[in-house]
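Beneath this line is the structure, given in structure tokens, with notes to follow.
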Amino acid sequence: MRKPMAKKVLAASMAAAMTMSFAACEKTPASTSSAPASSTETSTSSVEASTEPEEEVSPYTVLKDANGNVYDLGGVEIIIRDWFSNPERQEAKTDFEEAQYAYQDWIQETYNFKIHAETIGDWGSVAQDFVDYATAGGDDKNYVFTLHSGDATLLSAIDNGLVYDLSTLDCLDFSEAKWANGVHKLYTVDGGIYAFRAGWAEPRTGVYFNKTLLQEAGVDPESLYDMQKNDTWTWAAFEEILEKVQRDTDNDGTIDIWGIGVNEGVMTSAAVFSNGGKFVGQDADGKYTYEFESPETLEALEWVRTIFDKYDWNGPEGEDGSAPSWDYYQGQFQNGGCAFCIDQQYCATPGNLFYENPEELGFVMFPKGPKGKLVQTAQDNVCIIPACYDADRAWKCAFAYSLYNEFVPGYEDYNPYVNTTRTGNFDSRACEETVPLMSQNSEVELQSIIPNLDMGAPFLWKIGPGCDPISTIIDGCRDMYKQYIDEANQ
């Protein structure tokens, strides 16, 4: 484990420390080392100078305004309002947490403000809580609200002028690495930016695999990680393995171990993006575009339909002939009835179904299609600032939130989701290789913010084993989806 950052560091190490490019800010180290000896000094004096104790150099960068003054937020207190945070700081259990707390203390002291995250409301009420607050004109608190991505209430709030335009705040530079999850891109409308989120993208849809079933079929489980690492983990490679693992183990003519157990809608979306496709795009003018029938998207839809027909068990019928429950595939995978399962990363973390699997699970990214790359689609929460705040108040909220969520100096590559995965039922390569790759190779789904565009019943839920032709399914929703996209552009 990495040791805490030492108080005394060489000046050269400053290059690896945190860099933040706030517009109109001058940046100076919190302290500087003594100037080097001039070239006119003798070699003896140079040797003597090199033996002097090194002066302390801070790993932090002090931000100053255009007049050279350190920013002073005047003691303002800011609350990141959500439905899951404990406002009380917990005891640091790792070197990273110690460094994080030290950094957070430093920014609050240096720039004269206080900040913490706190549960106010619950999962189901947060969007309406925001609308009520912003409509009433706010109060004497300073909030950064956390909401669900794609929430229709949030989209309506933006449309009705209740959400602050972050593009007007010069303390935010969305080219910085901490914004690479792309949340702000989802909420960029006519040049305005109405939501953001700092930090790594949360790992979501991936491919779970039962290592024992792969071995019994003559497949080395490690080969999946090797292909992922070498960028050769493709649809074709996946199909090869599916053909080997799907077996009639007792020769009675009935398949006993299927290739995959899957929520077909989740896999269909993953396949589209893995082939460079999308459902909704955006042109150079910021207008949304209909992409359900782009060549990349159609190729993925046809491929995934074939995979479902060959390797996806359609589930048990009820005694009355009714369809199986939507999550039947999870139990099938847990009980060894299929070798692969396409599902979310959280499914094997404590408290979730796959955490109770009898053996450690493998987990890789969804394979890439002929026209695509290894990629996942992000479904992160979003943060917003009420439009009822004046410019100074909104600036302070954004400045403090951005600093509070900066990558901690010395831990710029630290991904908290790796530690979360380590607590779950995953093998070591899933933690060390797959999860970081998912956070780095992440894209946003624009269809999630188009009002009224329901991807479920009209489209995704109709794609599965024995389903209608893709062309027929698209014929049934094309005009409706185009209408919703046109309305969003207006």
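The range 349-459: D in µm²/s via Stokes-Einstein (Kirkwood Rh, Cα pairs, 4 °C, 1.567 mPa s)?
73 µm²/s
Students often check this: by mean Cβ neighbours within 10 Å, which of 395-408, 449-462 ranks highest, and how do the rest follow?
My ranking of the peptides, most packed first, is 395-408, 449-462.
Can you give the FRET efficiency to the nearest 0.05 for residue 140 and residue 237, using r as the Cβ-Cβ distance and R₀ = 35 Å?
That gives a FRET efficiency of 0.05.
Expressed as a whole number of Å, what is the distance separating the alpha-carbon centroids of the range 283-316 and the range 354-398?
21 Å
Assuming 0.36 nm per residue, please report the length gained on full extension of the stretch residue 216 to residue 467 beyond their Cα-Cα distance.
Length gained, residue 216 through residue 467: 87.2 nm.
How large is the Rg to Rh ratio of the range 114-217 when both quantities use alpha carbon positions and Rh follows Kirkwood?
1.12
Provide Rg and Dmax in Å for the range 102-165, with only Cα atoms included in the calculation.
Just the Cα atoms of the range 102-165 yield Rg and Dmax of 14.3, 40 Å.
Note down the nm distance, to one decimal, between modelled labels 7 Å out along Cα→Cβ at residue 226 and at residue 251.
Distance between label points: 3.2 nm.
Toward the positive end of the charge dipole of the chain, about the Cα centre and with charges on Cβ (Lys, Arg +1; Asp, Glu -1), which of 121, 353, 214 goes farthest?
The residue sitting farthest along the positive end of the dipole is 121.
Let's see if you can work this out: charge +1 on each Lys and Arg Cβ, -1 on each Asp and Glu Cβ, no other charges. What is the dipole magnitude of the range 148-290 about its Cα centre, in debye to the nearest 20?
360 debye
Pop a pseudo-label 7 angstrom from the Cα along the beta-carbon direction at both residue 475 and residue 168 and give the gap in nm to one decimal.
5.0 nm
Read phi for every residue in the range 227-242 and hand back ³J(HN,Hα) as whole Hz from Karplus 6.51 cos²θ - 1.76 cosθ + 1.60, θ = phi - 60°, with x for Gly and Pro.
Running phi through 6.51 cos²θ - 1.76 cosθ + 1.60 with θ = phi - 60° gives 5, 4, 5, 8, 6, 10, 7, 10, 4, 4, 5, 4, 4, 4, 6, 4 Hz.
Is the shape of the range 64-107 best called rounded, prolate or oblate, per the rule: a/c under 1.5 gives rounded, else a/b larger than b/c gives prolate, else oblate, with a ≥ b ≥ c the square roots of the Cα gyration tensor eigenvalues?
Because a/c hits 1.5 or more and a/b fails to exceed b/c, the range 64-107 counts as oblate.
Across the range 262-328, how large is the tail of the calculated P(r) beyond 19 Å, expressed as a percent of all Cα pairs?
Of all Cα-Cα pairs in the range 262-328, 47 percent lie more than 19 Å apart.
Rounded to the nearest 20 Debye, what is the dipole magnitude of the range 384-490 about its Cα centre when Lys and Arg each give +1 and Asp and Glu each give -1 at the C-beta?
Around 200 debye, computed over the range 384-490.
Multiply the residue separation of residue 67 and residue 244 by 0.36 nm, subtract the distance between their alpha-carbon atoms, and state the gained length in nm to one decimal.
Working it through step by step, the gained length comes to 56.9 nm.
With n ≥ 4 as the cut-off for DSSP H runs, can you work out [θ] at 222 nm for the chain, using -39500 (n - 2.57) per run divided by the number of residues, rounded to the nearest 500?
-9000 deg cm²/dmol
Cα axis of helix 391-404 to longest principal axis of the chain: angle in degrees, 0 to 90, nearest 10?
With both axes taken from Cα atoms, the answer is about 80 degrees.
Can you quote the Å³ per residue value for the convex hull of the Cα atoms in the chain, rounded to an integer?
For the chain, the hull spanned by Cα atoms encloses 197 Å³ per residue.
Compute the relative contact order of the chain as a whole-number percentage, counting only Cα pairs closer than 8 Å that sit 6 or more residues apart in sequence.
20 percent
Mind checking the dipole of the range 304-458: about its Cα centre, +1 per Lys or Arg Cβ, -1 per Asp or Glu Cβ, Debye to the nearest 20?
In debye, rounded to 20, the range 304-458 gives about 500.
With both bridge residues required to lie in the chain, what share of the DSSP beta bridges run antiparallel, to the nearest 5%?
55 percent
Please report the orientation-averaged projected area of the range 195-299, defined via the convex hull of its C-alpha atoms, in nm².
Orientation-averaged projected area of the Cα hull: 10.0 nm².
Based on the Cβ-Cβ distance from residue 335 to residue 287, what FRET efficiency comes out when R0 is 30 Å, to the nearest 0.05?
E between residue 335 and residue 287, to the nearest 0.05, is 0.05.
Using the Karplus equation 6.51 cos²θ - 1.76 cosθ + 1.60 (θ = phi - 60°), what ³J(HN,Hα) coupling, rounded to whole Hz, does each residue of the range 260-272 give in order, writing x for Gly and Pro?
Those phi angles translate into 9, x, 7, 7, 4, x, 5, 5, 4, 4, 4, 5, 4 Hz.
Quick note: the coordinates plus some simple rules give every number you see, no bench work behind them. Note that the coordinates shown come from a computational prediction; the quantities given were computed from them, not determined experimentally. We place every Cβ from the backbone using ideal geometry, glycine too, and count neighbours over all the protein chains shown.
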